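Each reported figure results from applying straightforward, stated rules to the coordinates on display, with no laboratory input. Model, not experiment: these values are computed from the prediction. For neighbour counting, all protein chains shown are included, and Cβ atoms are generated from backbone atoms with ideal geometry for every residue, glycine included.
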């Protein structure tokens, strides 16, 4: 009888704790209508962790548009790019905080061949297709679910991309779960499947400035990338197929260097990209793949991923015409991107890690942005 009573009490306690946690998770996610796109409501979701730190998401493009974390004095500021209103978000930069696909990064000449069939995509970056084309995943409203079975506030976005959308074969179902932990980690869990053989490369395209978004440039940010090689590009930023060691080049961030230290060096790849806009071949040997430190605020960003590549982009084409949160312009080199994923143009590069997915497969990936101070 005593054992039965103990089991009953344990079960009641478990149910109470689970329900209590579920209620807390709901309380830590605020969901409101942000706007309407093509007849579908888009939501703005505010996630607050136990430290009172906040991130904001929108189901339009499954975007991460606000990350508010403290500096070393405790002063909080948003450190990522985004807009204040839905209309500005729709009309603004396609990439700010977006989940981009079907194919993140560039595909040469907007073409690739799969099982002998050539597929033609819309070009939107010179002669190339960038981030899935002009109407890629960044431009649609995703379905939204606030998750109540997690230890932290979490939101799941799902999108069903129809066969031949932007020229890509197969109906692809993709989801991302954003979790905002009490350790100030944005955990991004991706999953995708298809009904027809196709290629997929997905990433988050957030811009970061650890001074605070719109506050100066990122040239003083100290960077470490655990990558012994990168993929050089041609004049239109398509990889030439080479895996080039970073040793002895301005691309060597295996030890700490500020972004501005060598960005103006007389080096062919820096000239082609107008700065850094290149894929790094991650070593994938250590827990943390990338570390960024900004000494004035003391903020630290760590990136952890299971993907083979990391695109470093240093805001070379920002020109102050994009006006973000609080009316602040995003000026030249005022933000940096760290896009985890597979290599650019992999469908046309047989020696690169493959991005093909077959029917019956479900592929998964996780990338984490972790924030702290020192």
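Considering only residues that are under 21 Å from the mean Cα position of the chain (by Cα) and at negative phi, which ones fall in region 334-351? Don't jump to the end; show me each part of the working.
Kept after step one, since they are under 21 Å from the mean Cα position of the chain (by Cα), are these residues of region 334-351: 334-347.
334, 335, 336, 337, 338, 339, 340, 342, 343, 344, 346, 347 - these are the residues of region 334-351 that are under 21 Å from the mean Cα position of the chain (by Cα) and at negative phi.
Run down 92, 97, 101, 110 and say which single residue is in contact with a helix residue (DSSP H, G or I) (Cβ under 7 Å, 6 or more places away or on another chain) and touching a residue at least 24 places away in the same chain (Cβ under 8 Å).
Working: 92 fails: in contact with a helix residue (DSSP H, G or I) (Cβ under 7 Å, 6 or more places away or on another chain); 97 fails: in contact with a helix residue (DSSP H, G or I) (Cβ under 7 Å, 6 or more places away or on another chain); 110 fails: in contact with a helix residue (DSSP H, G or I) (Cβ under 7 Å, 6 or more places away or on another chain).
The match here is 101.
Kindly provide the set of residues from region 114-124 that are in contact (Cβ under 8 Å) with a residue 24 or more places away in the chain and in contact with a strand residue (DSSP E or B) (Cβ under 8 Å, 6 or more places away or on another chain), ordered by number.
Of everything in region 114-124, those that are in contact (Cβ under 8 Å) with a residue 24 or more places away in the chain and in contact with a strand residue (DSSP E or B) (Cβ under 8 Å, 6 or more places away or on another chain) turn out to be 114, 119, 120, 121, 122.
Name the single residue that is farthest from residue 345 (Cα to Cα) among those in region 140-156 being surrounded by fewer than 18 Cβ atoms within 10 Å (Cβ to Cβ) and out of contact with any helix residue (DSSP H, G or I) (no Cβ under 8 Å at 6 or more places or on another chain).
145
Quick check: is even one residue across region 103-110 assigned to a strand (DSSP E or B), within 30 Å of residue 28 (Cα to Cα) and in contact with a strand residue (DSSP E or B) (Cβ under 6 Å, 6 or more places away or on another chain)?
Just the residues of region 103-110 that are assigned to a strand (DSSP E or B), to begin with: 103, 106-107.
Keeping just the survivors that are within 30 Å of residue 28 (Cα to Cα) gives none.
No, region 103-110 has no match at all.
Would you pick out the residues in region 222-273 that are touching a residue at least 24 places away in the same chain (Cβ under 8 Å), in contact with a strand residue (DSSP E or B) (Cβ under 9 Å, 6 or more places away or on another chain) and within 15 Å of residue 349 (Cβ to Cβ)?
229, 230, 231, 232, 233, 236, 237, 238, 239, 241, 243, listed by residue number.
Test residue 128 against the stated conditions and say whether it is closer than 27 Å to residue 30 by Cα, surrounded by fewer than 21 Cβ atoms within 10 Å (Cβ to Cβ) and touching a residue at least 40 places away in the same chain (Cβ under 8 Å).
Values: closer than 27 Å to residue 30 by Cα: no; surrounded by fewer than 21 Cβ atoms within 10 Å (Cβ to Cβ): yes; touching a residue at least 40 places away in the same chain (Cβ under 8 Å): yes.
Judged against the criteria, residue 128 is not a match.
Given the structure, is residue 183 touching a residue at least 40 places away in the same chain (Cβ under 8 Å), over 28 Å from residue 35 (Cα atoms), surrounded by fewer than 19 Cβ atoms within 10 Å (Cβ to Cβ) and in contact with a helix residue (DSSP H, G or I) (Cβ under 8 Å, 6 or more places away or on another chain)?
Working: touching a residue at least 40 places away in the same chain (Cβ under 8 Å): yes; over 28 Å from residue 35 (Cα atoms): yes; surrounded by fewer than 19 Cβ atoms within 10 Å (Cβ to Cβ): yes; in contact with a helix residue (DSSP H, G or I) (Cβ under 8 Å, 6 or more places away or on another chain): no.
So residue 183 fails the test.
What are the pairs with Cβ atoms under 6 angstrom where one residue, in region 32-56, is in contact (Cβ under 8 Å) with a residue 60 or more places away in the chain and the other, located anywhere, is in a strand (DSSP E or B) and exposed (fewer than 13 other Cβ atoms within 10 Å of the Cβ)? Sequence gap at least six, or different chains.
From residues that are in contact (Cβ under 8 Å) with a residue 60 or more places away in the chain, the pairs are 41/33.
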